[in-house]
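Novice: Have a look at this one.
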Amino acid sequence: QVQLVESGGGLVQPGGSLRLSCAAPGSIFGINVMGWYRQAPGKRRELVATISNGGSTNYADSVKGRFTISRDNAKNTVYLQMNSLKPEDTAVYYCNVLIPSMGYWGQGTQVTVSS
């Protein structure tokens, strides 16, 4: 079992910014795609963004132009920079990592956008 450690969630006002981080153990090799998903109350978990080990990115239409996913392969860490946050971005955010084809989930971090 691979334990992913997430951090960076919290309460922010509309228009504000947050940065999420998710770290896999440094001893892990062969990490493939890293990504972020979110689940709002009463809704299904949905993809937010993914990034390949080569740096190719993919975003949900609802976050394009506002969120940026990045990764530091030396630290086995993926980041999600979230700008211009909206109330509808409120959700529990989960990171997901493929090693190399087995998927692992983080514990989730709450993001609340409210005035």
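Novice: So which residues in segment 16-48 are closer than 14 Å to Leu98 by Cβ and outside any loop (DSSP other than H, G, I, E, B), if there are any at all?
Specialist: Cys22, Met34, Gly35, Trp36, Tyr37, Leu47, listed by residue number.
Novice: Filter segment 16-41 for residues that are modelled with pLDDT of 95 or more, closer than 22 Å to Asp89 by Cα and out of contact with any Lys or Arg (no Cβ under 8 Å at 6 or more places or on another chain) and give the result.
Specialist: Gly16, Ser17, Leu18, Arg19, Leu20, Ser21, Cys22, Gly35, Trp36, Ala40
Novice: Here is a further query. Test each condition in (1) over 23 Å from Gln1 (Cβ atoms); (2) surrounded by fewer than 13 Cβ atoms within 10 Å (Cβ to Cβ); (3) in contact with a strand residue (DSSP E or B) (Cβ under 7 Å, 6 or more places away or on another chain) for Val12 and report the one that comes out false.
Specialist: Evaluating Val12 over (1) over 23 Å from Gln1 (Cβ atoms); (2) surrounded by fewer than 13 Cβ atoms within 10 Å (Cβ to Cβ); (3) in contact with a strand residue (DSSP E or B) (Cβ under 7 Å, 6 or more places away or on another chain) leaves (2) as the failure.
Novice: Next up: Which one of the conditions (1) over 15 Å from Gly106 (Cβ atoms); (2) aliphatic (A, V, I, L, M); (3) assigned to a loop (DSSP other than H, G, I, E, B) does Ala74 fail to meet, given that it meets all the rest?
Specialist: Among (1) over 15 Å from Gly106 (Cβ atoms); (2) aliphatic (A, V, I, L, M); (3) assigned to a loop (DSSP other than H, G, I, E, B), Ala74 violates only (3).
Novice: Out of all the residues in segment 83-106, which are open to solvent by 60 Å² or more (accessible area, probe 1.4 Å), at pLDDT 95 or above and either more than 17 Å from Thr50 (Cα to Cα) or not in a strand (DSSP E or B) (or both)?
Specialist: Ser84, Lys86, Pro87, Glu88
Novice: Can you report the number of residues in segment 17-39 which are among the hydrophobic types (A, V, I, L, M, F, W, C) and under 16 Å from Asp61 (Cβ atoms)?
Specialist: Number satisfying all stated conditions: 1.
Novice: List, please: which pairs have Cβ atoms under 6 Å, are six or more places apart or on different chains, and start with a residue in segment 52-81 that is under 22 Å from Ala24 (Cα atoms) and surrounded by 16 or more Cβ atoms within 10 Å (Cβ to Cβ) and end with one that is of a type in the set (D, E, K, R) and modelled with pLDDT of 95 or more?
Specialist: Cβ pairs passing all conditions: Val78/Arg71.
The values are calculated or read from the model by the stated rules, or taken from the named source; none is laboratory data. Quantities reported herein were computed from a predicted structural model and do not represent experimental measurements. Glycine gets a Cβ as well: all are built from the backbone with ideal geometry, and neighbour counts include every protein chain shown. Keep in mind that these areas ignore ligands, DNA and RNA; they rest on the heavy atoms of the full protein, side chains included. Shrake-Rupley method; radii C 1.70, N 1.55, O 1.52, S 1.80 Å.
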